[in-house]
């Protein structure tokens, strides 16, 4: 059996970093970890080939080679998934689909032959058994959650690692919190399920032995969901692993209560973590109560962010406008918070309601849904009817994005962050990729860019004030170029 594993194309989005990747000659930010993990679950005797449409084209030769196709993707990849499925069906191939997009919207894909939904560790084995006997059903789903200690390592050897800016790894699934708008607990449950430290080290060794020396993203939706295991098992193992390695930096996602645990932050930095994404959502207490964001309430969120930055972790933040409790003042309050906190990478979006969430069910009962969400957090669209006038909401949203990603305010925010940030002790050597980024940024941003004055001002400021952070300052300048292009193309 020849199996073609296809990952649809991402549109030009905030997290795609398309306009930043050009500086380092990469095609995509991350490889399709889910599909590569699925590949490791398929029968060993099957021949497998990965086509990530984000880094290479799906050719007629690929389709002619294959006996069947497995496709996976996220909601934001919906249109590319439709086009890919149509191409596969024209070639006469059987299509099997799974992953977040199809788990939430499988009713909208009539051309797919079989759906293997929810967690493949549980739904793939019965599908394969039925396929072998010729009686496979169309839909395989479950409400159970698997033991990810039994999940195999991804088949990284199927991917061309040189095409990607980062690698990904998963330590846990699930989140102990219950935010109204979030579908993480719908997909993965409230109780964080974890892999063993031995599994993680083996997966990292696998990547390292294949020659990977760049960033590794721990894709957990809340990395600190099981603090005890982190402190006693995983982080000590990562610290030990880093001792004879060439500075492999990690980044992940966590909740704001990370700021309450200085020893945990110290261990994370020692283990190689240098950045963390945190859902801040809003500075408004009533809106935090509305969405059940309990972990963010009754806190000095700006000081929490700065405490994390001073520990050596860059904070990337998620923000939302459009809560029922939001008033017209929320737009300036979001701007002020983002600028004051020094959160350089600020993902601001309109409130959206993913299927299956408590928000979705509440608004459905109130008759306030507007169809499917786009899956793009920063395209200025929403699938709900907000309390605030939609035109006012959209205009306020555009003003936020225009302000925080204007050259002046973005570079000011970078300096605010660099003043607080404690440089990590792990030394990352100046490799060709970093040299290329430095050279191209000097040309594209420092000579031809509209921000050239702010760019050189930042570089000289960093050189004299925080010289150890010069490489990071250049990286953030490149990211700013990407964020502004996204705003110009899709929001303004």
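The values are calculated or read from the model by the stated rules, or taken from the named source; none is laboratory data. None of the values given here were measured: they were computed from a predicted structure. Reconstructed Cβ throughout: ideal geometry from the backbone, glycine too, with neighbour counts over all protein chains shown.
For residue 224, indicate whether it is in the same structural domain as residue 292 (by TED's automatic domain parsing), crowded, with 16+ Cβ neighbours inside 10 Å and part of a helix (DSSP H, G or I).
yes
Can you tell me which residues in the range 57-79 are surrounded by 14 or more Cβ atoms within 10 Å (Cβ to Cβ) and assigned to a loop (DSSP other than H, G, I, E, B)?
Hits for the range 57-79 are 58, 66, 73, 74.
Tell me, please, whether a residue that is outside any loop (DSSP other than H, G, I, E, B), over 18 Å from residue 277 (Cβ atoms) and modelled with pLDDT of 95 or more can be found in the range 168-181.
no
So residue 349 fits all but one of (1) without any contact (Cβ under 8 Å) to a residue 24 or more places away in the chain; (2) under 19 Å from residue 184 (Cα atoms); what number is the exception?
(1)
With respect to residue 69, determine if the residue is touching a residue at least 60 places away in the same chain (Cβ under 8 Å), farther than 28 Å from residue 352 by Cβ and assigned by TED's automatic domain parsing to the domain that holds residue 20.
Here the answer is yes, as residue 69 does meet what is asked.
Give 335, 320, 308 a once-over and let me know the one that is over 14 Å from residue 254 (Cβ atoms), modelled with pLDDT of 95 or more, in contact with a strand residue (DSSP E or B) (Cβ under 8 Å, 6 or more places away or on another chain) and in the same structural domain as residue 181 (by TED's automatic domain parsing).
When all the criteria are applied, what remains is 320.
Using the structure shown, decide if residue 41 is modelled with pLDDT of 95 or more and within 17 Å of the chain's Cα centre (by Cα).
When the stated conditions are applied, residue 41 does not pass them.
All but one of (1) free of Cβ contacts under 8 Å to residues at least 40 places away in the same chain; (2) over 30 Å from residue 384 (Cβ atoms); (3) touching a strand residue (DSSP E or B) at 6+ places or on another chain (Cβ under 7 Å) hold for residue 159, so report the exception by its number.
(1)
Got at least one residue in the range 290-298 being in the same structural domain as residue 378 (by TED's automatic domain parsing), buried (at least 19 other Cβ atoms within 10 Å of the Cβ) and more than 19 Å from residue 185 (Cβ to Cβ)?
Among the residues of the range 290-298, not one is in the same structural domain as residue 378 (by TED's automatic domain parsing), buried (at least 19 other Cβ atoms within 10 Å of the Cβ) and more than 19 Å from residue 185 (Cβ to Cβ), which makes the answer no.
Looking at the structure I just gave you, is residue 248 farther than 16 Å from residue 179 by Cβ and in a loop (DSSP other than H, G, I, E, B)?
Yes, satisfied.
Kindly indicate the residue of the range 307-327 that is over 22 Å from the mean Cα position of the chain (by Cα) and farther than 22 Å from residue 359 by Cβ and also surrounded by the fewest Cβ atoms within 10 Å (Cβ to Cβ) among those meeting that condition.
It comes out as 310.
Quick check on my filter: what residues within the range 211-221 are closer than 17 Å to residue 188 by Cβ and either surrounded by fewer than 17 Cβ atoms within 10 Å (Cβ to Cβ) or modelled with pLDDT under 95 (or both)?
221 - this is the single residue of the range 211-221 that is closer than 17 Å to residue 188 by Cβ and either surrounded by fewer than 17 Cβ atoms within 10 Å (Cβ to Cβ) or modelled with pLDDT under 95 (or both).
What is the number of the single condition among (1) within 25 Å of residue 352 (Cα to Cα); (2) surrounded by 15 or more Cβ atoms within 10 Å (Cβ to Cβ); (3) in contact (Cβ under 8 Å) with a residue 60 or more places away in the chain that residue 106 does not meet?
The failed condition is (3).
When residues of the range 257-274 are filtered for being surrounded by fewer than 21 Cβ atoms within 10 Å (Cβ to Cβ) and within 24 Å of residue 337 (Cβ to Cβ), how many remain?
So the answer is 5.
Being assigned to a loop (DSSP other than H, G, I, E, B), assigned by TED's automatic domain parsing to the domain that holds residue 187, in contact with a helix residue (DSSP H, G or I) (Cβ under 7 Å, 6 or more places away or on another chain) and closer than 26 Å to residue 309 by Cα is true for just one of 344, 348, 414. Which residue is that?
Just one listed residue meets the conditions, 344.
Name the one entry in 393, 363 that is farther than 30 Å from residue 474 by Cβ, touching a residue at least 60 places away in the same chain (Cβ under 8 Å) and not in a loop (DSSP other than H, G, I, E, B).
Going through 393, 363 in turn, just one is farther than 30 Å from residue 474 by Cβ, touching a residue at least 60 places away in the same chain (Cβ under 8 Å) and not in a loop (DSSP other than H, G, I, E, B): 393.
Among (1) free of Cβ contacts under 8 Å to residues at least 40 places away in the same chain; (2) buried (at least 18 other Cβ atoms within 10 Å of the Cβ); (3) assigned to a loop (DSSP other than H, G, I, E, B), which single condition is residue 143 missing?
(2)
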